[in-house]
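The values are calculated or read from the model by the stated rules, or taken from the named source; none is laboratory data. Since the structure is predicted, the reported quantities are computational estimates derived from the model, not experimental observations. Every residue, glycine among them, receives a Cβ derived from its backbone with ideal geometry; neighbour counts consider all protein chains shown. In case anyone asks, the SASA skips ligands and DNA or RNA and just uses the protein heavy atoms, side chains included. Shrake-Rupley method; radii C 1.70, N 1.55, O 1.52, S 1.80 Å.
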Amino acid sequence: MKIGLVSAPSNLGLRPPAPTSVPGCAKAPEALREAGLHSRLAELGAEEQGVVLPGRYADDVTPGSLRNQVAIIEHARRVAERIDRLRGDGLAPLVLGGDCSILVGAGLSLRRAPGRYGLVHLDGHTDFRHPGNSGQCASLAGEDLAAAVGLHWPAIADIDGLSPYFSPEDTVHAGCRDDDEGLYEAAALLGRVLPAVQIRHRGVEQAAREMRDVVGRAGLDGYWIHLDVDILDPSVMPAVDSPDPGGLSAAELTGLLAVLAPRAVGAQVTVFHPDGSHARLLTNILITGLAPLSRDRR
C-alpha cells in the first residue's frame, strides 16, 4: 500500500511561547521537505496529497474552553475529510503536523469509518490532562490523548456525537517519563502504558510486541500511530515544545516504528520545532521507521 503524504501545519493546540508570539511547529512540514523527507518517500512510492491549512492562531482561551477551540474543531474536521479521502483511494495516510491536536482529526476519521480501530500514542508525555483531573485545561496539545478516549469537554471529545474516537481498551501509550502527571490514571484506563524506562528495560522489540498485542488483537481492524517527537531524549532532539530528560534514543524510536508501522492504517508526526540539523535527523528516523507504513495490512 502506498503512503499518502499530507501536511497539517497546525499550531492551534499549543500555548504561546511568549505574549503576542505563536508556536513554531507549524513550520515542521516544510522543514522536513527541505531535509528531503518528501523526495525520499516519493522514491519509495509515496504520493503527496496536499496541505490542510489551519485557522488563524488567536490564543483566545476562555474559562471552560480550549484556546483556539473553534479553529481546532474546524481543522479536525478538515483533517478527517482528507484522511477519509486518502483511505478511500487505497493510500496509507502519513500526516505531518503541526501540534498534537491533529489527533482529533484522525480519531474522527477512523471513528466514522466501518470497523473498529486502535491507537498507538508514542509521546514523551501522556497528554492525559482533562477537566476531571485538572483545573488548568486550555491547550489541546497536552490533552489530546484524554480527548481521543472521551475524557475531555464534549465540545472537543464528542464532535459530531462520535465520542470516544478510540476506546480506552484499544489504546496504548508509550514513551512518557516516570514522573508524568497522568501516568497512573492512564495506566489504569488504557490497554497498555509503557514509560520510556520500561521500553528500554524490555527492549524495543518486546515493547513493540506488547503494544501490538493490544491494538492488533482480534476484533480490531487496524490502528493509528501518533508520534510526538518529544518522545526522544532532548540530547537527541531538543527542537520540541516540552523537552524532558529520560527519553528514547533515535535508534530506539526507529526500532519501535519499524515494528509497529507495517500493520498500521496510518500515522502522524507532531510537535517538531524545526531547525536544519534536527530536521535531517528526524527525516532519517521517519524514512526507516515509517516507510513500511501499512505494508503488512491484511
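For the stretch 86-113, what are the residues that are touching a residue at least 12 places away in the same chain (Cβ under 8 Å) and out of contact with any strand residue (DSSP E or B) (no Cβ under 8 Å at 6 or more places or on another chain)? Let's see the steps before the verdict.
The first filter runs over the stretch 86-113 and keeps only residues touching a residue at least 12 places away in the same chain (Cβ under 8 Å), leaving 86-87, 89-113.
Result: G90, S101, V104, L108, S109, R111, R112, A113.
Name the residues in the stretch 159-169 that are part of a loop (DSSP other than H, G, I, E, B) and open to solvent by 60 Å² or more (accessible area, probe 1.4 Å), would you?
Filtering the stretch 159-169 for residues part of a loop (DSSP other than H, G, I, E, B) gives 162-167.
Across the stretch 159-169, there are no qualifying residues.
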Checklist entry - Quick one: which of G255, G276 is open to solvent by 10 Å² or more (accessible area, probe 1.4 Å) and at pLDDT below 95? => result G276
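Keeping to the stretch 48-68, report how many residues are in contact (Cβ under 8 Å) with a residue 24 or more places away in the chain, charged (D, E, K, R) and out of contact with any Lys or Arg (no Cβ under 6 Å at 6 or more places or on another chain). Break it down stepwise before answering.
First, pick out the residues of the stretch 48-68 that are in contact (Cβ under 8 Å) with a residue 24 or more places away in the chain: 48-55, 57, 59, 61, 64-68.
Of the ones still in play, those that are also charged (D, E, K, R) are 48, 59, 67.
Those still in the list that are out of contact with any Lys or Arg (no Cβ under 6 Å at 6 or more places or on another chain) too: 48, 67.
Matching residues across the stretch 48-68 total 2.
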Checklist outcome for this item: For the stretch 6-31, pairs from a residue that is closer than 26 Å to D89 by Cβ to a residue that is among the hydrophobic types (A, V, I, L, M, F, W, C) and surrounded by fewer than 17 Cβ atoms within 10 Å (Cβ to Cβ), with Cβ under 6 Å and 6 or more apart or across chains, are S7/V51
Checklist entry - How many residues does the stretch 92-128 hold that are within 17 Å of L12 (Cα to Cα) and part of a loop (DSSP other than H, G, I, E, B)? => result 3
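Which of the residues spanning the stretch 1-52 are hydroxyl-bearing (S, T, Y) and in a helix (DSSP H, G or I)?
So the first thing to find is which residues in the stretch 1-52 are hydroxyl-bearing (S, T, Y), and the list is 7, 10, 20-21, 39.
Listed by number, the list holds a single entry, S39.
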Checklist outcome for this item: Here the qualifying pairs (Cβ atoms under 6 Å; residues six or more apart or on different chains; first in the stretch 229-248 and touching a residue at least 24 places away in the same chain (Cβ under 8 Å); second among the small types (G, A, S) and not in a loop (DSSP other than H, G, I, E, B)) come out as V236/A250; G246/A196; G247/A196; L248/A196
Next on the checklist: If I go through the stretch 170-217 residue by residue, how many of them are open to solvent by less than 30 Å² (accessible area, probe 1.4 Å), more than 21 Å from A251 (Cβ to Cβ) and in a helix (DSSP H, G or I)?
Outcome noted: 5
